[in-house]
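To keep things clear, I will list the structure first and then write my remarks on it.
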Amino acid sequence: MGNGFRNIRYGYPQEIQDGKAKTPFKEKGVLAFLKIMEKENRGGFKLFKIAGIQITLDYSWLIIFVLVLWSLSSGYFPHHYPGQDIQTYWIAGFIAAILFFFSILAHELSHSLVAIHSGIKIPEITLFIFGGVSRLSEEADDPKTELKIALAGPLSSFALALLFLGVKLTLEEKQSSMFVAIFDYLSWINIALGIFNLIPGFPLDGGRVLRALWWWKTGSLKQATKVASDMGKGFALALMVLGGLQIFTGSLIGGLWFIFIGMFLRGVAESGYQEMVMKQALEGVQVQEVMIPEVVSVQPNLPLNRLIKDYFFRYGYRGFPVIQEGAVLGVVSLSNVKDIPETEQQTRTVAEVMTPISDKITIPPETPLTEALQKMIREEIGRLLVVQSNQKMVGMITKNGLLRFLEIKRILEG
Ligand SMILES: [Zn+2]
């Protein structure tokens with residue numbers, strides 16, 4: 001950047017505002033948190049609603065589905081139940097993969113239903129790659145609830161395993177071998193899912209159990225989360241080492257799977273801790289406490305070349321509210337202007353390119369900060385106008401301002 005004036009004036013290096021380039025360790029947590037929030041809002045396939053909960057499939061699930069289908073149809077079934085034709089294997093693989101998906105959904109739903117029963121709102125379940133890592137939008141307030149929620153998943157997997165085993169044994173009497181094979185596989189995979197999730201490392205259910213017990217014993221959620229996520233990282237590392245060893249001994253695919261799962265878990269264990277720390281920092285803070293109260297605004301009839309020269313360059317902000325006679329008309333930001341050719345910048349005005357005022361770009365002053373952040377991410381905007389119920393604008397809140405707030409709070413509280 002090389003522009004010392006800007007850095008002094010706004011107190012935050014441009015690299016951090018952009019969220020790229022080399023970031024000092026201290027800022028990493030904040031950025032990781034933002035990234036998680038963005039990921040949480042990136043969507044996926046919305047499937048259906050169960051008990052008021054929207055079930056969404058993360059895009060990564062498609063890859064997993066194809067991998068499971070492929071390894072069942074061309075590996076597992078032909079190996080364990082030889083003598084069938086290819087078509088049969090693929091149909092069996094498809095049925096098994098679908099039921100495997102429903103097994104994971106049942107696992108996640110049992111977490112959610114216990115959570116709802118404890119008074120926690122669960123608007124959506126997003127199914128990620130593995131059963132244990134779908135996100136709930138709120139966390140338990142006390143260790144006992146956390147423990148119950150965490151245990152519900154593995155217990156439901158074991159219950160499903162029993163159910164599928166029952167189906168298998170019933171079918172076996174009637175000797176329809178391929179269906180026996182499918183349910184045999186399903187009962188084993190559910191046992192495996194239950195056991196895998198009980199490994200005591202965050203973000204797996206076992207890690208949550210560990211965290212709940214530690215939290216219960218010490219009373220410190222922060223410390224408990226640190227222990228559980230360290231255990232999680234250790235376990236992830238062990239998986240990766242095991243994967244490496246497998247590759248050396250000739251099992252390439254199996255080894256890659258282990259490394260892949262290990263890397264994924266490590267990432268979640270790391271970000272899970274950061275996320276908790278940040279959520280705690282934001283808790284109980286309202287928009288009006290951190291908003292910019294006196295905002296530089298622009299007139300709607302201002303030509304764009306003046307806007308760029310007198311406002312964007314001069315103040316270094318990325319957006320300004322558009323105000324006429326005390327009334328807010330909208331927001332004009334860099335993204336509204338950047339594609340307008342230079343020749344048109346003299347003749348066109350702010351009013352023509354601005355984002356007109358709507359619920360999308362405004363927020364009431366008493367809104368919790370976490371909600372403001374979620375809204376900015378959801379609407380893909382960097383700022384919100386803080387508007388009272390009588391339509392009067394009282395300030396503005398920006399993503400960068402939020403980052404600064406979090407950083408200052410972190411420094412002060414150590
Ligand atoms: Zn689980």
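The values are calculated or read from the model by the stated rules, or taken from the named source; none is laboratory data. For clarity, every value in this text was computed on a predicted model and none was experimentally measured. Positions of Cβ are backbone-derived with ideal geometry, glycine not excepted, and every protein chain shown enters the neighbour counts.
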- Message: Suppose the filter is in a helix (DSSP H, G or I) and in contact (Cβ under 8 Å) with a residue 60 or more places away in the chain; does residue 352 pass it?
- Response: no
- Among the numbered conditions (1) surrounded by fewer than 18 Cβ atoms within 10 Å (Cβ to Cβ); (2) touching a residue at least 40 places away in the same chain (Cβ under 8 Å), tell me where residue 343 comes up short. (2)
- Note on the structure: Among the residues of the range 211-235, the number that are out of contact with any Ser or Thr (no Cβ under 7 Å at 6 or more places or on another chain), surrounded by 18 or more Cβ atoms within 10 Å (Cβ to Cβ) and either more than 16 Å from residue 142 (Cβ to Cβ) or of a type in the set (Gly, Ala, Ser) (or both) is 8
- Message: Considering only residues that are surrounded by fewer than 19 Cβ atoms within 10 Å (Cβ to Cβ) and modelled with pLDDT under 90, which ones fall in the range 171-191?
- Response: 171, 172, 173, 174, 175, 176, 177, 178, 179
- Message: Could you go through the range 272-295 and let me know if any residue there is closer than 14 Å to residue 398 by Cα and either acidic (Asp, Glu) or without any contact (Cβ under 8 Å) to a residue 40 or more places away in the chain (or both).
- Response: yes
- Keeping to the range 272-308, report how many residues are loosely packed, with under 14 Cβ neighbours inside 10 Å and within 23 Å of residue 328 (Cβ to Cβ). 5
- Task: Filter the range 175-218 for residues that are closer than 22 Å to residue 97 by Cβ, within 16 Å of the ligand (Cβ to nearest atom) and of a type in the set (Gly, Ala, Ser) and give the result.
- Result: 192, 194
- Task: Can you run down the residue pairs with Cβ atoms below 6 Å, 6 or more apart or on separate chains, where the first is in the range 182-198 and assigned by TED's automatic domain parsing to the domain that holds residue 228 and under 15 Å from residue 105 (Cα atoms) and the partner is within 16 Å of the ligand (Cβ to nearest atom) and charged (D, E, K, R)?
- Result: 197/205
- Got a number for residues in the range 83-138 being within 12 Å of the ligand (Cβ to nearest atom), at pLDDT 85 or above and of a type in the set (Val, Ile, Thr)? 2
- Message: Going residue by residue through the range 156-167, is there one that turns out to be within 26 Å of the chain's Cα centre (by Cα) and modelled with pLDDT of 90 or more?
- Response: yes
- Query: Taking the range 72-87, which residues are among the polar types (S, T, N, Q) and either surrounded by fewer than 17 Cβ atoms within 10 Å (Cβ to Cβ) or not in a helix (DSSP H, G or I) (or both)?
  - Reply: 74, 84, 87
- Residue ID - nearest to residue 350 (Cα to Cα), chosen from residues in the range 312-327 that are touching a residue at least 12 places away in the same chain (Cβ under 8 Å) and part of a helix (DSSP H, G or I): 312
- Query: Are any residues in the range 43-92 within 32 Å of the chain's Cα centre (by Cα) and acidic (Asp, Glu), and if so, which ones?
  - Reply: 58
- Note on the structure: Across the range 139-167, the tally of residues that are more than 16 Å from the ligand (Cβ to nearest atom) and surrounded by fewer than 19 Cβ atoms within 10 Å (Cβ to Cβ) stands at 8
- Task: Hey, could you check the range 338-364 for residues that are modelled with pLDDT of 90 or more and among the hydrophobic types (A, V, I, L, M, F, W, C) and say which is farthest from residue 294 (Cα to Cα)?
- Result: 353
